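All remarks here apply to the structure that follows.
All of the numbers you see were taken from the coordinates with simple rules; none came from a lab. These numbers were taken from a predicted model, which means no experiment stands behind them. Note that we place each Cβ from the backbone using ideal geometry, even for glycine, and neighbour counts take in every protein chain shown.
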Amino acid sequence: MSNLTLFSGEGNYSKEALIALEQEILAMPQIPLVNKHYFANGMYARELLMPAGSCVTGKIHKQEHLCIISYGDVTVVTDEGTERYTGHCTFIGTPGCKRALYMHEDTMWTAIHRTDKTTVEEAEAELVTNDYQLYLECK
C-alpha cells in the first residue's frame, strides 16, 4: 500500500511512516519550489508557494516556531495525526515535528523562527535537521 494514503487521514502516523512517505515523494518527478528568505531583528522567515496537487515534506524543526498559511488548502500529516487547513491561519510548530503536506489548492506557507543567524545556511543548521537522531542529540 502506498504511503500516500496518510493524506486520507487513515493509517499510521509514526515517524518511520513519515520518512517512508518522504522517500516515496522523492522518487516521484520533482517540481521546482523557490523559498523566499527574510531576516529581521533576530527573526528568520522562510516563505514557500506550493502549487495545487503537489506533495512535499519538511525538515525536522529543532525549536518552536510560527507557521502562517496566507492562503490555500492543505492537508498536513505529522506523527500526531492529520489536519486540513484552508484559507488564512496561523499555528505553532512544535520541536521534533516533521510534516508531510498535500496541496489541494495553491498554498503560501511561511515559517518564522527566532535566531541571531544572518545567513540561510547558518539559520538552517541551527533550526532544522533531516535526522531524528541528530534532533534528539540537540535537545
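One table, with the values for the structure above:
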{"quantity": "Relative contact order [Cα under 8 Å, 6+ residues apart], segment 3-138, whole percent", "calculated": "30"}
{"quantity": "Per-peptide average of other Cβ atoms within 10 Å, ordering 122-128, 22-28 highest first", "calculated": "122-128, 22-28"}
{"quantity": "Shape call, segment 32-139: gyration tensor on alpha carbons, a/c limit 1.5", "calculated": "oblate"}
{"quantity": "Radius 11 Å from Cβ of Asn41, net charge of other residues (Lys, Arg +1; Asp, Glu -1)", "calculated": "0"}
{"quantity": "Mean Cβ count within 10 Å, highest first, over the residues of peptides 48-55, 95-102, 80-87", "calculated": "95-102, 48-55, 80-87"}
{"quantity": "Solvent-free Debye scattering, log10 I(q)/I(0), computed from the Cα coordinates of segment 31-82 at q = 0.21, 0.25, 0.28, 0.32 Å⁻¹", "calculated": "-1.06, -1.40, -1.52, -1.53"}
{"quantity": "Candidate lysines - alpha carbon under 25 Å from Lys15, same-chain residues fewer than 8 apart omitted", "calculated": "Lys59, Lys62, Lys98, Lys139"}
{"quantity": "Amide H contacts under 5 Å for Ala52, placed H, 5+ residues apart", "calculated": "Asp106, Thr107"}
